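Data block below; observations after.
The values are calculated or read from the model by the stated rules, or taken from the named source; none is laboratory data. The structure displayed is predicted, hence computed values, not measured ones. Positions of Cβ are generated from backbone atoms using ideal geometry, with glycine treated the same way; all protein chains shown enter the neighbour counts. Surface accessibility is based on the protein's heavy atoms, side chains included, excluding ligands, DNA and RNA. Shrake-Rupley method; radii C 1.70, N 1.55, O 1.52, S 1.80 Å.
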Amino acid sequence: MSKRRKNQQRLKVNLSRVFQILQRLSLRAKVGIAVGAFLFLILLPIILFFHDLPSPKRLNDAQNFPISTKILDRNGKLLYEVYADKNRTPIKLADLPPYVYQASIAIEDQNFYHHFGFDITGIIRALKNTIFQQRLQGGSTITQQLVKTALLTPKRTVSRKIKEAVLTLMTEALYSKNQILEMYLNNIPYGGTSWGIEAAAHTYFDTDAKNLTIAQAALIAGLPASPTTYSPFTRPDLAKQRQVEVLKRMLAEKYITPDQEKTAESESLTFATSKIDIKAPHFVFYIKDLLSQQYSDYDIARSGLRVTTTLDLDIQNKAQASLSAEINKLKNYRVGNGAAVITNPKTGEILAMIGSRDYFDATHDGQFNVTTGFRQPGSSIKPLNYVTAFESQKLTPGSMLLDIPTCFQVAGQPNYCPKNYDGTFRGPVQVRFALGNSLNIPAVKTLAINGVNSFINSATAMGITTWTDPTRYGLSLTLGGGEVTMLDMATAYGTIANEGVRVNLHPILKIEDYTGKVLEQYDPQNTVKAVDDLTEQNASPSGTLDTNALANRVLHRATTYLISHILLDNNAREGAFGPSSQLIIPGHTVSVKTGTTNDLRDNWTIGYTPNLLTAVWVGNNDNTPMNRALVSGITGAAPIWNDIMRSLLKGVKDVWPDKPDDVQSAIICATSGLVPDPNSPCPTRTEYFWQGTQPNQLDASYRDIWIVPTTGLPPKAGDSTDGLQTQHHEMLSDPFTKDYCVDCTRPVDDKGHTVFEQYFVPYSSGTFSP
């Protein structure tokens, strides 16, 4: 007999014995066994489910400490520690003015004293707002929030919600309402290191909770819903909106009078930011904001994350010192603030981020991070415009544009008549010198040639994220008429520094838990390899961004080389900036561009080598204009930029941008940009071109034309032909003005400036081509 058959026979024998025993039992015994078995089957899953349910008595357990999160620089130096209980100081509810805790009740749980842990009215109201007003709103009571924060993890699962419900009922049964409210105020997170209202009062206002004003209490009460979002240190605008919302709820619940609400809303709050032990604060809160997009506030403050960032604290401190010292020198120029960001273009690593002159200067909104805020870029946006024209092969560095008074006529709009920063005009100017000297009229003409949509598409591919609606912009976009962020400008200029390869900014190298387990990691060398591979292949732009790729080629190598070469050419900018400006770093080849807005509210300098990029901004947070002496861009941002770059490049081997094989030199006429005619010699110079874009037209600009003797100029349409004379002059044309007399005699104003005739050009996007 097989072993299997033996086992089957043995099982039958055993079952037979069990049934025989059951048959001998009384009816009562049989019922008892059945009931016991039924209860066992019902209760076992419940017992297993709740076997690890924490006791509500832990709410008063002083040993229930979370683990802090540390934000570190790239070398392991501590920048900031986000922790929970180290900064907690318990308080008694009886020691607080009623409005302090009433503020929390009003905004978090209006029916706190009238429910047994769950507010059915609040849940219905939350569902109504979520469904019908499309405004996400929670329905958790103060008791539920206490349980979630102090006893459970924030992981959203069905089992956790069941445990929350059970613990909420147990907490309501064990404690009085005032005890629950007191534990809530002592355990809830208020942002950063502040857990509990006493710690929050000291962190934000340097006072005891019992001394808080109604305005201060309302601001603090609004924080627990989202401490990162409503932090007055990083988002003062949202913090104020939240405070007003709390005050209105307090008024509705009759905790305060209308006069108290009005007084509290208008009260000016001074924050005790100097108490924060923090290095590179703007960068730290930028990192914390990024973390909050992936992790809950609970995880950030309690789960012991170890965040290694790309920031170099030594570079940060040197740059901060340079910026602060220079801003102090600019008081007479009505400059109150400055910002800087330093990156490695090839890896996207942020090496330094200075969001303002002094983070702790609350009087001048020092907490506002200018590097992430919207500002107008002025002329620093022009390289993106010219590289767009180079990409489409509509212009080259040798293309000639007429820098003369030109008004663009747009149907239904006032004429747009741009002017140069110094109010003068230079006649025919080739693109190299137009960009080098930051001339406005050639830049506007370049944008007219590109078309606004094409320029926006190109700039977006390079890293500008703020121009989302092309219909909002016109030709002033190339003069800085569209707001950008410093971080976007660093990305876009980094694309040029990378020879057309875009690399997004990467501020975090590694995130670990407190045990050393790596949660996510970024290896800069992988990005360097990706950039180098795209460069060696000399690949063409794909036309679409691969968001999963470490690097994307968005421009040709040749065009970005030409832009970089113009921006490092001191001769090209000498007319506007002189031969020895702050844009020169002795012993180093650096491409650089300045920018100042027409209203003098923003002043920029952005410059780079293949491995280092620094962007600097100066201005005022309240948008008041600076002194007109800053108009050239050489005073203000440039000295700060120069000091930072000198320091960073000291002892570093000079590196020229690599010249692609398809960039070739050619001799052109110095004025027209055309091919010299041996039969009619012209002054010449050498220029670089993307292969295939070199001029092929012989210069024939000198010819006989009719001249009006009284004006010395060619006749205008409708002028009399009587008395005209024939003269030999240089005549040039660009896409906007035909047959412009270069060397005709023109009047001079009382300042010695040539008075040019004005030209009117009908304009609609995409209608001009060279």
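For S392 and H728, the difference between the fully extended length at 0.36 nm per residue and the C-alpha to C-alpha distance is 117.4 nm.
Per residue, the chain reaches -11500 deg cm²/dmol at 222 nm when only DSSP H runs of four or more residues are counted, each adding -39500 (n - 2.57). Please label the shape of the range 200-333 as rounded, prolate or oblate, based on the square roots a ≥ b ≥ c of the eigenvalues of the alpha-carbon gyration tensor (a/c under 1.5 means rounded; beyond that, a/b larger than b/c means prolate, else oblate). Taking the square roots of the gyration eigenvalues as a ≥ b ≥ c, the range 200-333 is oblate. When the surface is traced with a 1.4 Å probe over the full set of protein chains, H753 keeps roughly 70 Å² accessible. Using the Cβ-Cβ distance between V244 and D361 with R0 = 25 Å, the FRET efficiency computed as 1/(1 + (r/R0)^6) comes to roughly 0.50.
Annotation: extensible slack from D622 through K751 equals 42.9 nm (criterion: 0.36 nm per residue apart, minus Cα-Cα distance).
Any idea which of N696, P714, M731 is furthest toward the positive side of the dipole for the range 684-762, if Lys and Arg beta-carbons carry +1 and Asp and Glu beta-carbons -1? The Cα lying farthest towards the positive end belongs to N696. Assuming a ≥ b ≥ c are the square roots of the Cα gyration tensor eigenvalues, decide whether the range 603-759 counts as rounded (a/c under 1.5), prolate (otherwise, with a/b larger than b/c) or oblate. Oblate, because a/c is 1.5 or more while a/b does not exceed b/c.
Between the residues F233, T446, T424, the greatest Cα displacement towards the positive end of the dipole of the chain, with unit charges on the Cβ of Lys, Arg, Asp and Glu, is found for F233.
For the chain, the Cα gyration tensor yields ellipsoid semi-axes of 68, 33, 24 Å (square root of five times each eigenvalue, largest first, whole Å). Normalised by the number of residues in the chain, the average gap of Cα pairs under 8 Å and 6 or more apart makes the relative contact order 12 percent. Measuring against 28 Å, Cα to Cα, the residue pairs K77/K593; K77/K288; K394/K653; K329/K445; K394/K659 contain K77/K593; K394/K653; K329/K445 as the ones spanning a longer distance.
A Cβ-based charge dipole, computed about the Cα centre of the chain with Lys and Arg at +1 and Asp and Glu at -1, lands at about 4980 debye. When you work out D = kT/(6 pi eta Rh) for the range 519-583 at 20 °C and 1.002 mPa s, using the Kirkwood radius from C-alpha pairs as Rh and the Stokes-Einstein form, the result is 146 µm²/s.
The residue list N317, G366, I381 was ranked by how far each Cα lies along the charge dipole of the range 251-389 toward its positive end, using unit charges on Cβ atoms, and I381 comes out on top.
Candidate cross-link partners of K177 among the aspartates and glutamates, defined by an alpha-carbon separation under 19 Å and a same-chain spacing of 8 or more, comprise D61, D95, E108, D109, D119, E164, E253.
By a 1.4 Å probe calculation restricted to protein chains, F118 has an accessible surface near 60 Å², given to the nearest 10.
Evaluating 6.51 cos²θ - 1.76 cosθ + 1.60 at θ = phi - 60° for every residue in the range 174-191, the Karplus couplings come out as 7, 10, 7, 4, 5, 5, 4, 4, 5, 5, 4, 5, 8, 10, 7, x, 10, x Hz, glycine and proline recorded as x.
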